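What follows is calculated from the coordinates using simple rules that are stated; it is not laboratory data. From a predicted model like this one, the values you see are computed outputs, not experimental measurements. Note that we place each Cβ from the backbone using ideal geometry, even for glycine, and neighbour counts take in every protein chain shown.
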Amino acid sequence: MDLAPRHISIEADERPEGKPWLWVGSAFLLTLCVLPVVALLLAAFPVRPLSKLRDPMVLSALRLSVTTSLTSTLLCVAMGLPVAYLLARHRFAGKVVLDTVLDLPMALPPVVAGVALLLAFGRAGIVGKHLDALGVRIPFTAAAVVMAQTFMAAPFFVRSARAGFEAVPLRLEHAAMTLGAGRWRVFWTVCVPLASPALLAGVVLAWARALGEFGATMMFAGNLPGVTQTLPLAVMSAMETNLDTAVSISVLSLLLAFGALVGTRLLVTQWR
Amino acid sequence: MALDVCIGLHRGAFSLQAELQVAAGEIMVLIGPSAAGKTTLLKAIAGLAKPQAGFVRIGGQAAFDAKRGIDVAPWRRRVGMVFQESALFPHLSVRANVMFGLRGVPNASARAAEWLAAVGVAELADRMPRELSGGQQQRVALARAAARDADVLLLDEPFGSLDPLTRRSVRWELRRFAQQAAQTSGRALLLVSHDYLDALTLGDRIAVLEDGRITQVGKREELLRQPRTQFLADLAGHNVLEGMLEPARANSNLREVRVGPLMLQVAEAGDEPPGPVFVAFHPHEVSLLKARSLVSPRNQFPAVVRELVPLRDRLRVYLDAGVPIMADIVREAAADLDLRDGAPVVAAIKATAIEVYR
């Protein structure tokens, strides 16, 4: 008659303790991910290369990277919020198409994305030639950097935000409406606060992607020091002349990314 | 304000064709089996579901009218709703939840406190919803819906997800709340339930919704006297008697209700003030004995058999115990007891089997 509880306790004892091959697999992946980071830090350890951070080329790349990546993250949020909500809450014709198209930048090689951007907004591009006639030139400007970054980073924000909105129970929106809140107020006072951990995660992912963007920027914006040369491009240029500079920029990027991840994690845990 | 609904709503194989009027200040209980369309009907009234045909009028004003192309947004309808599952905003405190619907209302904070007190959770105002029990959350949801000056209040089984024991204890409060909410500025109040006792105890009138159709509307007594469907017949198969709740006695959890010549001991009246009440119990809760027994239930009284009606698997015995009482027994028991018209028996019922309501 007390079979049931005993049965449950057996189940509890059988919780996986970790099969050896699971650990082996994990160890390989961990080595692959951690070793290069350690190597990078070791290379930077004699502090000497860090002095290269005062190099004007490094400073301008840093400034450009920070401003463009923040701008493109803002654009991702501004344009991504309505799209994410639309995908999470509404059924409409062509939803699958929109969904797939939005994921495309994640699967596309960034260099190809850069070529595509050129064909659209370049001086001879389908939109670009009309802009050119108006005197507006996008390629090889900071605006092109922002566009390339936004193109590559937006799906990361939209994915995360959509999942966040989907997790908000519909009845909470309904309840808010019966309490006199219109769609705008429901969105900002119910949906956004409740989805905020996912939104924040999306912001960080998008920002990290924008910060690391290389291929599309290279093709669409070029590698002009002081104008379109972001940190990743500066690393590549530096590799050809001065390894120390390349290492110091890399460490800087690593710290930026790591700081963002830790900061977000702290914020989210505090929230809960 | 009065509510006047006549809608047709079709979604796949499901079809809802309902017509319903609730007067200002009236409490109507909408009862019916699950999946009959009760929640959908409420959503259509609140504007959260869109019917294909018909109208919804609140205080004579069209909130929805298919012919005239009127479909007022939910946030402009002045219809309050309490949902089956907790729909409190998890990121807002209890007080902020209630005040969500009071934007731009002067003395919003005082009004929120007033309604939180009315549902007995005044001291929880600064808590977060996740710190509350299921019952407390739904009380807050009631306060939140009522604090707003809505013209119509819709309650969708507000305590349906609670365990039966808790449900019993909140039924009294729900009735008091419903009366207060309905009387405040003459709101129409529509309460959904699938529980017959809610219907019997809470509403001025009862509407029965079965399979997307309103099958019967009327006062409790009318419905019980002439049930038109099987669902209602089951509902009507309950003993419902008028009585008088006696004052509570010290050192006893049991209360007494005088019903005609009988004095019934009941377990479910708490510390309600004495006065006129109804008692209800199912016929299968009544057992029949040849003579008084020392070990059997607290309530035992002599009765005379008036009629025997065979049901599918059992026998319904109509008794006269000074008041009419129905008992369901198995056929074998009928033979053992030698039941005939006019035979004397002892009827017995446990104190815990009797529901009491006002």
| Based on the Cβ-Cβ distance from residue B:284 to residue B:180, what FRET efficiency comes out when R0 is 41 Å, to the nearest 0.05? | 0.70
| Mind checking which of A:139, A:193, A:225 has the largest fluctuation in a GNM of chain A, springs on alpha carbons under 10 Å? | A:193
| Given the convex hull of the Cα atoms of segment B:220-358, what is a quarter of its surface area in nm²? | 8.9
| request: Report the convex hull volume per residue for segment B:104-171, counting only C-alpha atoms, in Å³. | output: 101
| Amide H partners (placed H, <5 Å) of residue B:209, local residues excluded | B:31, B:32, B:215
| task | May I ask for the Rg/Rh ratio of segment A:112-190, computed from Cα atoms with Rh as the Kirkwood radius, given to two decimals? | result | 1.27
| said: Compute the distance from the alpha-carbon center of segment A:59-95 to that of segment A:115-152, in whole Å. | reply: 18
| task | Over the whole of B:80-88, what's the average partner chain Cβ count within 10 Å per residue? Rounded to a whole number, please. | result | 4
| query | How large is the Kirkwood hydrodynamic radius of segment B:316-358, in angstrom, based on all distinct alpha carbon pairs? | reply | 12.0
| message | Can you work out the Karplus-derived ³J(HN,Hα) for every residue in segment B:13-25? Use 6.51 cos²θ - 1.76 cosθ + 1.60 with θ = phi - 60°, whole Hz, and x for glycine or proline. | response | 7, 7, 9, 10, 10, 10, 10, 7, 10, 10, 6, 4, x
| message | Stokes-Einstein diffusion coefficient for segment B:1-59 at 20 °C in a medium of 1.002 mPa s, Rh from the Kirkwood formula over Cα pairs: what value in µm²/s? | response | 180
| task | Provide a whole-number value for the mean count of partner chain Cβ atoms within 10 Å of the Cβ atoms in peptide B:69-77. | result | 3
| query | Quick one: Cα convex hull volume of segment A:58-105, Å³ per residue? | reply | 68
| remark: Given all pairs of distinct Cα atoms, segment A:78-144 yields a Kirkwood Rh in Å of 14.0
| request: Just tell me how shielded A:162-174 is by partners: mean number of partner chain Cβ atoms within 10 Å of each residue's Cβ, no decimals. | output: 3
| said: Using a Gaussian network model on chain A with a 10 Å cutoff between Cα atoms, which of A:88, A:175, A:154 fluctuates the most? | reply: A:175
| Anchor residue B:50: aspartates and glutamates whose Cα lies under 19 Å away (excluding residues fewer than 8 positions away in-chain) | A:173, B:4, B:19, B:65, B:71, B:156, B:211
| query | From the square roots a ≥ b ≥ c of the eigenvalues of the alpha-carbon gyration tensor of segment B:6-110, which class results: rounded (a/c under 1.5), prolate (a/b over b/c), or oblate? | reply | prolate
| message | Using only the Cα atoms of chain B, what semi-axes does the equivalent ellipsoid have when each is the square root of 5 times a gyration tensor eigenvalue? Give whole Å, largest first. | response | 41, 26, 16
| field | Residues of segment B:64-104 with amide N under 19 Å of the 7 Å Cα→Cβ point at residue A:188 | value | B:75-76, B:91-92, B:97, B:99-104
| On the first, second and third principal axes, largest extent first, how far apart are the outermost C-alpha atoms of the protein assembly as shown in Å? | 114, 66, 48
| note | With label points set 7 Å from each Cα along the Cα-to-Cβ direction at residue B:35 and residue A:227, the distance between them in nm comes to 6.9
| request: Could you tell me the largest-minus-smallest coordinate of the C-alpha atoms of chain A on each of the three principal axes, in descending order and whole angstroms? | output: 79, 53, 31
| message | Could you derive backbone 3J(HN,Hα) for segment B:330-335 from the dihedral phi with the Karplus parameters 6.51, -1.76 and 1.60 (θ = phi - 60°), listing whole Hz in sequence and x where the residue is Gly or Pro? | response | 6, 4, 4, 4, 4, 5
| query | Sequence-distant or interchain residues sharing an amide H contact under 5 Å with residue B:93, placed H: which? | reply | none
| message | I need the semi-axes of the equivalent ellipsoid of segment B:100-229: take the C-alpha gyration tensor, multiply each eigenvalue by 5, square-root it, list largest first in whole angstrom. | response | 29, 17, 12
| Volume in Å³ per residue [convex hull over Cα atoms, computed for segment A:184-232] | 106
| query | For the protein assembly as shown, what is the percent of antiparallel DSSP beta bridges, rounded to the nearest 5? | reply | 75
| said: For a Förster distance of 60 Å, can you work out the FRET efficiency between the beta-carbons of residue A:239 and residue B:109, rounded to the nearest 0.05? | reply: 0.40
| message | Which residues does the label zone of residue A:63 cover in segment A:119-156, counting backbone N under 15 Å from a point 7 Å along Cα→Cβ? | response | A:142
| query | How large are Rg and Dmax for segment A:41-182 when only the alpha carbon atoms are used, in Å? | reply | 20.6, 65
| If you plug each phi of segment B:103-119 into the Karplus form 6.51 cos²θ - 1.76 cosθ + 1.60 with θ = phi - 60°, what whole-Hz ³J(HN,Hα) values come out, in order, with x for Gly and Pro? | 4, x, 8, x, 6, 4, 5, 5, 5, 4, 4, 4, 6, 5, 5, 5, 9
| task | Scale the Cα Rg of segment A:164-272 by the rule-of-thumb value 2.2 N^0.38 Å and send over the ratio, two decimals. | result | 1.57
| Which whole number in µm²/s is D for segment B:89-132 by Stokes-Einstein, with the Kirkwood Rh taken over Cα pairs at 37 °C and 0.692 mPa s? | 315
